[in-house]
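Colleague: Provided herewith is a single structure, encoded as structure tokens, for subsequent inquiry.
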Amino acid sequence: MVRMATSPRPPRNIVTDAYQFVNPRGRVSAFLLKIFGWFRTNNKFSESKIAIIGNQPEALLLSILFAEAGQPNCLVGHFDEAKTKRIETGGLSEARWLLGVHRKTGITTLLSSVEELSASPPSIAVLTGHAVSQKELSELERNTRALCKFLPHGATLTFTGLCRPNFTGTTLRETIEKHSGHKVGRDVQLSYVPLFWSGETLQKFREKPKLVAGIGTGAPSLAQEIFLSIFPSISTSAKLNAAEAAGLFGPIYRDVLRALEFELASLCEADDVDYSEALDLSRQSGADNLGIPNTFVVRDAIASNIAISSTSVRGSLSVVRAARRINEAGEQRVLDLVKNALALCGKRFRHSRIAILGFSGLDSPRDPKPSPPPIIQTLERRGAILSVYPGRDNRWFEAGVLSEGVRVENTPLRAASKTSCALVALERWDFGEISPQKLASEMSRPGAICDLSRVLEASNVERAGLFYTSIGRGSSGT
């Protein structure tokens, strides 16, 4: 049986907006103190000590949502702050900026190890992670064992993330009882929330309906109350193992669908058909779920790999395994696309000037800390001379993660200047008024466009005197 509850709440940005009232000397204004006072008066858990533990993006997002709700919390993990606010580029970028805001107001405390919590043990602990490989399992076990050394009687624990069915009720439960001396369901409460961030904004992450299950009858209801302070809708279920399986379904579906999109694009390439044209026609007949395949969005693979590793039956999950093989070839597809585009210009990778305009679909949102998109490192190894326009995602400027040999520009046209090939991976709202004619006026001749995000019309690019290539476009279109 599933029970759903919703909670009316004030606007979620009220604490962040109040931060604007901090005076230049860093003292918190009376207005801000009133806001915090309102939350402490109206929040049942305002006096509870909350700790969010883990290095996955979900840990940072949870900490920020609790802080936005006026709930002080400790975040245990390795996270850095962003210098400027970015909402358009996904929840992680915005959360990194908000982390700095809430650390300044004192509502969020950032710790580097679980042991630092021992001075003031939390009554509410949220363990985050994805039980996907031995590395992640070992980290989760270390954090759990460290927490259990000082876990108080009556504490509420919630594991959030993806895992195989029966993991929470067996492996995690046994670890807690062995190292804390407490009995789960009697001395401490243990719940599970299948929480997964797939790259969306913080607002969309918050608004997605959530599910909580637990051991015993009281744990799910208590966890539901806690999480209703940050999520508008959360259901409870008595079926813990079913909730664990349900958490895998959505990411696995998207992973398999992406592989299908790659296969359909290959079908079009083989038969000299433009995949985007076929896609538009199929949508008119009701195939709404299909789209242009993203190349390097690998977070959904977490669920697929958990499912594959949890079964020992030979030949099982053959569709999921096949999808993984297809999607893992995404980088090679992009390399082949760029290689063919350069060939049209009579060039090879070595010493060719290539512009990368945007990182949409090229980088992985797996790591909370920015790291270079794999395509940049691969093209550098091939001897290409790179220039980059990151789009509105300013973390590439802040973190200094791009090598010294990569020229970073603040406009697409400057990045495309004197290049033979431009790899376009920008969202439409970020591409602006850039036209094929303007790109052609900046690029070398002959020049080629590799349009991964389909923000340009092929006919317009070709009329401007450039070659046009994209995933799923037959040779007759080039």
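The values are calculated or read from the model by the stated rules, or taken from the named source; none is laboratory data. Nothing here was measured: the structure is a model prediction, and the numbers come from that model. Please note: Cβ atoms are built from the backbone with ideal geometry, for glycine as well, and neighbour counts cover all protein chains shown. We work out accessible area using only protein heavy atoms, side chains counted, and drop any ligands, DNA or RNA first. Shrake-Rupley method; radii C 1.70, N 1.55, O 1.52, S 1.80 Å.
Colleague: Accessible area per residue for segment 138-224 in Å², computed with a 1.4 Å probe and the full protein assembly in place, what is it?
Modeller: Details: 3430 Å² over 87 residues.
For segment 138-224, the solvent-accessible area averages 39 Å² per residue.
Colleague: Considering only protein heavy atoms, what is the solvent-accessible area of H153 at a probe of 1.4 Å, reported in Å² to the nearest 10?
Modeller: 130
Colleague: Compute the length gained on full extension between R381 and S138: take 0.36 nm times their separation in residues and subtract their Cα-Cα distance, giving the result in nm to one decimal. Spell out each step's value before the answer.
Modeller: On the way: separation 243, 0.36 × 243 = 87.48 nm, distance 3.34 nm.
Stretched fully, the R381-S138 segment lengthens by 84.1 nm.
Colleague: Hey, could you get me the Stokes-Einstein D for segment 137-229, Kirkwood radius over alpha-carbon pairs, 20 °C and 1.002 mPa s, rounded to whole µm² s⁻¹?
Modeller: On the way: Rh = 14.0 Å.
It comes out at roughly 153 µm²/s.
Colleague: Between V408 and R186, what is the FRET efficiency for a Förster distance of 45 Å, r being their Cβ-Cβ separation, to the nearest 0.05?
Modeller: On the way: r = 57 Å, r/R0 = 1.27.
Using R0 = 45 Å, I get an efficiency of 0.20.
Colleague: Calculate, in nm to one decimal, what I308 and A343 gain on full extension: separation in residues at 0.36 nm each, minus their alpha carbon distance. Kindly include the intermediate steps, with their values, before the conclusion.
Modeller: On the way: separation 35, 0.36 × 35 = 12.60 nm, distance 3.90 nm.
Roughly 8.7 nm would be gained on extension.
Colleague: Quick check: residue separation of E328 and D80 times 0.36 nm, minus the Cα distance between them. What number comes out in nm? Please list the in-between numbers first.
Modeller: Working: separation 248, 0.36 × 248 = 89.28 nm, distance 2.88 nm.
Using 0.36 nm per residue and subtracting the Cα-Cα distance, I get 86.4 nm.
Colleague: How many nm is it between the label spots at L257 and E174, if each spot is 7 Å from the Cα in line with the beta carbon?
Modeller: My value for the distance between the label points is 3.7 nm.
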